[in-house]
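Student: Input: one structure, supplied below.
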Amino acid sequence: MTLKIILNFLLLLLKRLKQFWILLFDFSFFNRKKFKNLSSFAKVGSILYTLVLTIALMATAVEVNFLWLFGKMPSIATVANPELDISSEIYAEDGRLIGKYYRENRSPVTFSELTPQVIQTLVVTEDVRFYEHNGIDFKALFSAVWSNLKGDKRGASTISQQLAKNLFKTRKNDSKGLLGYIPVINTLFAKSKEWISAIKLEIFYSKNQILTLYLNTVDFGANSFGIKVAAHTYFNKNLSQLNWNETSILMGMLKAPTTYNPISNPKNAFERKNTVLGLLLKHEKISQAEHSKWLKTPLNLNVNTQKDNEGIAPYFKSAAANWLKKWGKENGYDVYSDGLKIYTSINLEMQAYAEKAMEEKMRMLQQRFYRHWPDKNHRPWMAEPGTDTLSYILGIAKKSERYKALKAEKKNEEYILKILNTPIKMSVFTWNGERDTLLSPIDSIKHNITLLQAALMTLDPHTGQVKAWIGGINFDKFKFDHVSQSMRQPGSTFKPFVYATALEQGWGPCDKIIDQEVTIKYVENGENKTWTPHNADWISTGTEMTLRRGMAKSVNTVTSQLTEKVTPQAVADLAKKMGITSKLKPVPSIGLGSNEVTLFELTGAYGTYMNKGEWIEPHYIMRIEDKNGKTLYSAKPQKRQVLTPENAWLMTYMFRGGLEEPGGTSQALFEYGVTIRNEIGGKTGTSSDYSDGWFFGITKELVTGVWVGCDDRKIHFRTSQTGEGSRTALPIYGKYMDYMYEDPKMPISKGVFPQPTIPIIKPHNCRTYLPKSDSLNMDSLNIDAEFEGIF
């Protein structure tokens with residue numbers, strides 16, 4: 001019954017539509033029989049009526065995308081609230097801009113920011129009757145048609161039509177419809193869409209708003225969208241600083257951003273600039289004197305086309321982007337298009353000093369590495385027993401895009417090997433700058449894998465805020481971030497977790513353990529095992545040693561025995577509480593750094609010692625605002641009390657032992673003047689085969705972690721004198737701190753660690769041996785002196 005009612009209703013509706021259609025066409029030119037009987041005056045009216053009717057029907061068909069012939073049109077809601085891709089901006093802790101995230105580099109402006117020069121130059125160049133029409137300039141349209149018929153190609157698009165084209169992408173494939181693929185027809189319907197959309201824009205927006213929208217959407221080339229970004233890109237100026245010459249250059253580009261680009265086509269740009277100046281003179285926007293002055297003025301560009309990976313802290317900006325993408329996905333924002341303002345904790349001065357120190361020391365370390373492996377036929381990977389050079393290098397090559405592409409083309413291994421050994425033009429990284437050369441892909445692999453990488457992170461332990469971040473030696477060539485993405489064995493830098501566990505269980509820094517080799521029995525995965533640890537020099541003294549000296553000298557036998565006493569599980573549990581999120585196997589070797597961790601989590605954990613035992617989650621995104629200034633996110637890091645304040649202070653006392661105890665592994669810091677004026681605690685670390693060198697330094701205000709090594713663990717130094725953390729990572733830290741303490745503007749103070757405000761119950765006044773200058777072999781500390789050339 002219901003179906004029958006619906007069908008009857010549809011039949012009635014069709015009948016009424018038919019009647020309306022007959023009535024609509026009754027007076028039109030299409031009713032030829034009636035048209036013949038009309039007077040001449042009526043015939044003219046009928047033709048005009050037909051023309052208007054045809055235009056109205058066509059506009060309606062285009063608007064509703066009749067039978068999917070014309071492609072989609074922007075809805076009223078879209079026209080009323082057009083969406084622009086707006087670049088997001090990331091700021092340092094002091095509010096200075098350090099980078100942008102974008103698909104289209106755009107920073108919108110308001111009408112009040114547009115100067116008369118900008119507005120007048122735009123109008124005389126693109127749409128001189130802009131304030132007189134309602135979206136379509138019929139006078140210009142008929143003039144353009146007549147000019148084209150005479151062979152003079154000329155456009156008649158108004159600013160409103162161009163805005164519609166920019167905003168709604170009327171000529172993209174998804175806007176074409178079925179008729180959009182027919183030559184000529186497609187242009188006609190694209191134009192009709194722009195006309196209709198332009199009229200809509202004129203209804204919803206004032207002329208000033210349309211001008212502002214247009215100048216925010218237009219493409220100025222060099223990935224510069226909008227007038228604000230263009231002014232900064234080509235002249236490194238704010239809008240208010242642009243003169244007539246510069247506005248003429250920018251507005252002249254709008255006709256063809258590539259043809260008239262002042263960077264790539266300066267001659268064309270200069271001629272076009274003068275054409276625009278002529279229009280300004282013609283329409284009396286500038287005087288004859290001004291015209292003559294600017295006509296002879298050169299382009300005077302001050303180009304600023306910085307890429308994402310250029311400038312300060314590129315690895316940090318990349319890490320922040322990854323965090324923001326995840327946050328955006330969870331909260332419905334797109335960091336590349338939503339115009340967010342991201343405020344971070346990065347200190348630009350600290351970051352600059354860190355980058356300077358790392359470059360200076362890594363340049364020397366790379367020289368040392370090459371001298372360490374001088375024989376071309378005895379390469380670093382050959383230090384690994386049983387390694388076959390060809391299979392090893394091919395194993396790396398097989399992960400490359402080039403190899404995968406050749407395999408996809410069904411090429412055999414012999415052909416691929418030939419291609420990989422054929423020299424081609426390429427650019428390679430060196431510490432003497434990027435170098436263009438002829439090199440085979442195989443040789444480029446050998447070059448890259450023998451480059452030492454490095455990472456550094458500085459943390460404010462009292463707030464958990466990250467202050468400096470370096471993820472590698474060159475972001476442009478090596479995107480992998482060794483702060484947060486690299487999992488490496490921490491070596492002896494994991495030992496403090498053992499000593500902190502011991503303090504929590506009642507031990508004190510002055511308690512003693514005999515430096516002797518022991519065999520430890522344990523069970524792993526249901527299997528009985530034994531383990532006999534050795535010291536780095538394979539020598540055990542057989543004497544009693546305080547825990548402070550054991551940690552200061554990084555004695556494996558002492559740490560291993562202590563680990564057994566406090567239990568590996570307790571060490572793992574404490575490390576987890578202190579922010580280690582990587583998987584930790586609770587085995588006896590845990591204290592010697594047998595598990596893999598990241599520099600990020602390890603630096604955060606070290607912050608606990610300097611913050612009275614409270615761990616604060618390391619973080620660097622402080623606040624996020626939307627494009628209107630509304631706060632979307634404020635940092636609320638996790639916190640938890642892990643150590644007692646007493647034990648946290650005792651751990652700082654033990655860290656100082658690295659410099660104060662005889663044989664302390666951090667004494668290479670005495671090479672740097674910073675340690676003479678300030679108390680610094682430190683812990684070195686070296687993984688098996690000297691594959692990883694680590695150093696963690698703590699001061700009153702800052703905790704810094706440094707790592708050095710090659711991406712492949714098979715590529716490493718062979719001796720402690722060249723590859724230990726005290727010889728690789730520590731010098732970077734020392735130079736970094738030297739730079740910072742020499743700058744009185746840095747937010748760090750000199751002096752000793754603060755004394756505890758709590759009663760210290762455990763004995764901690766172990767005898768401290770401050771090293772004398774004659775007890776240190778300074779020649780052995782300054783091992784870079786012989787490598788002062790530049791690679």
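Student: Computed FRET efficiency, Cβ-Cβ of Thr115 and Lys326, R0 45 Å: what is it to the nearest 0.05?
Tutor: With a Förster radius of 45 Å, E is 0.65.
Student: Output ³J(HN,Hα) for segment 356-365: one whole-Hz value per residue in order, computed from phi by the Karplus curve 6.51 cos²θ - 1.76 cosθ + 1.60 with θ = phi - 60°, and x for Gly and Pro.
Tutor: Those phi angles translate into 5, 5, 5, 4, 4, 7, 5, 4, 5, 4 Hz.
Student: Follow-up question, since we're still on this one. Along the positive direction of the dipole of segment 189-343 (beta-carbon charges: Lys, Arg +1; Asp, Glu -1; about the Cα centre), which of Ala321, Ala289, Thr259 reaches farthest?
Tutor: It is Ala289, whose Cα lies furthest towards the positive end.
Student: Next question, about the same structure. Using the beta-carbon distance between Asn528 and Asp712 and R0 = 35 Å, what value does 1/(1 + (r/R0)^6) give for FRET efficiency, to the nearest 0.05?
Tutor: Taking R0 as 35 Å, the efficiency between Asn528 and Asp712 is 0.55.
Student: What are the ³J(HN,Hα) couplings of segment 440-457, residue after residue, when phi is run through the Karplus curve with 6.51, -1.76, 1.60 and θ = phi - 60°? Round to Hz, x for glycine and proline.
Tutor: Each residue of segment 440-457 in turn: 6, x, 5, 5, 5, 5, 4, 5, 5, 6, 9, 8, 5, 9, 8, 8, 8, 9 Hz.
Student: Still on this structure: DSSP loop trypsin sites (Lys or Arg not before Pro) in segment 230-307 with at most 16 other Cβ atoms within 10 Å of their Cβ, which ones?
Tutor: Lys237, Lys255, Lys307
Student: What number comes out for the charge environment of Phe655, summing +1 per Lys or Arg and -1 per Asp or Glu over other residues with Cβ under 14 Å away?
Tutor: +4
Student: Quick one: which of Lys361/Lys404; Lys200/Lys627; Lys361/Lys745 span more than 29 angstrom between C-alpha atoms? Numbers along the way, then the final one.
Tutor: Values: Lys361/Lys404 37 Å; Lys200/Lys627 25 Å; Lys361/Lys745 24 Å.
Pairs exceeding 29 Å: Lys361/Lys404.
Student: On a straight-distance basis, which aspartates and glutamates could pair with Lys237 in a cross-link, Cα separation under 17 angstrom, same-chain partners fewer than 8 positions away excluded?
Tutor: Once the sequence-local aspartates and glutamates are set aside, what remains near Lys237 is Glu113, Glu246.
Student: Can you run phi through the Karplus equation (6.51, -1.76, 1.60; θ = phi - 60°) for segment 489-503 and list ³J(HN,Hα) in whole Hz, with x for Gly and Pro?
Tutor: 6, x, x, 6, 5, 8, 4, x, 5, 5, 5, 5, 4, 4, 4
Student: Sequence neighbours fewer than 8 away in the same chain don't count; with that in mind, list the aspartates and glutamates whose C-alpha is under 15 Å from Lys585.
Tutor: In chain and number order, the partners are Glu524, Glu527, Glu564, Asp573, Glu596.
Student: Using alpha carbon centroids, what distance separates segment 103-123 and segment 264-319, in Å?
Tutor: Cα centres, segment 103-123 to segment 264-319: 14 Å.
Student: Per residue, what accessible area does segment 405-478 have, given a 1.4 Å probe and all protein chains present, in Å²?
Tutor: Working: 3440 Å² over 74 residues.
For segment 405-478, the solvent-accessible area averages 46 Å² per residue.
Student: Find how many whole Å separate the alpha carbon centroid of segment 619-681 from the alpha carbon centroid of segment 728-765.
Tutor: Centre-to-centre distance over Cα atoms comes out at 9 Å.
Student: Could you tell me the calculated FRET efficiency between Glu517 and Lys477, based on Cβ-Cβ distance and R0 = 41 angstrom, to the nearest 0.05?
Tutor: Calculated transfer efficiency: 0.35.
Student: Further, regarding this structure: Return the subset of Lys683/Lys735; Lys165/Lys228; Lys100/Lys326; Lys583/Lys762; Lys512/Lys750; Lys329/Lys630 for which the Cα-Cα distance in this structure is over 24 Å, preserving the input order. Walk me through the numbers on the way to the answer.
Tutor: Numbers: Lys683/Lys735 16 Å; Lys165/Lys228 20 Å; Lys100/Lys326 17 Å; Lys583/Lys762 33 Å; Lys512/Lys750 33 Å; Lys329/Lys630 18 Å.
Lys583/Lys762; Lys512/Lys750, as the Cα separations exceed 24 Å there.
Student: Show which aspartates and glutamates lie in cross-link reach of Lys325 when reach means a straight Cα distance below 18 angstrom and same-chain residues fewer than eight apart are skipped.
Tutor: Cross-link targets: Asp85, Glu89, Glu104, Asp308, Asp334, Asp338, Asp481, Glu625, Asp626.
The values are calculated or read from the model by the stated rules, or taken from the named source; none is laboratory data. All figures in this text were calculated on a predicted structure; none of them were measured in a lab. Here the Cβ is made from the backbone with ideal geometry for all residues, glycine too, and neighbour counts use every protein chain on show. When the accessible area is computed, the model is the full protein with side chains, heavy atoms only, and any ligands, DNA or RNA have been set aside. Shrake-Rupley method; radii C 1.70, N 1.55, O 1.52, S 1.80 Å.
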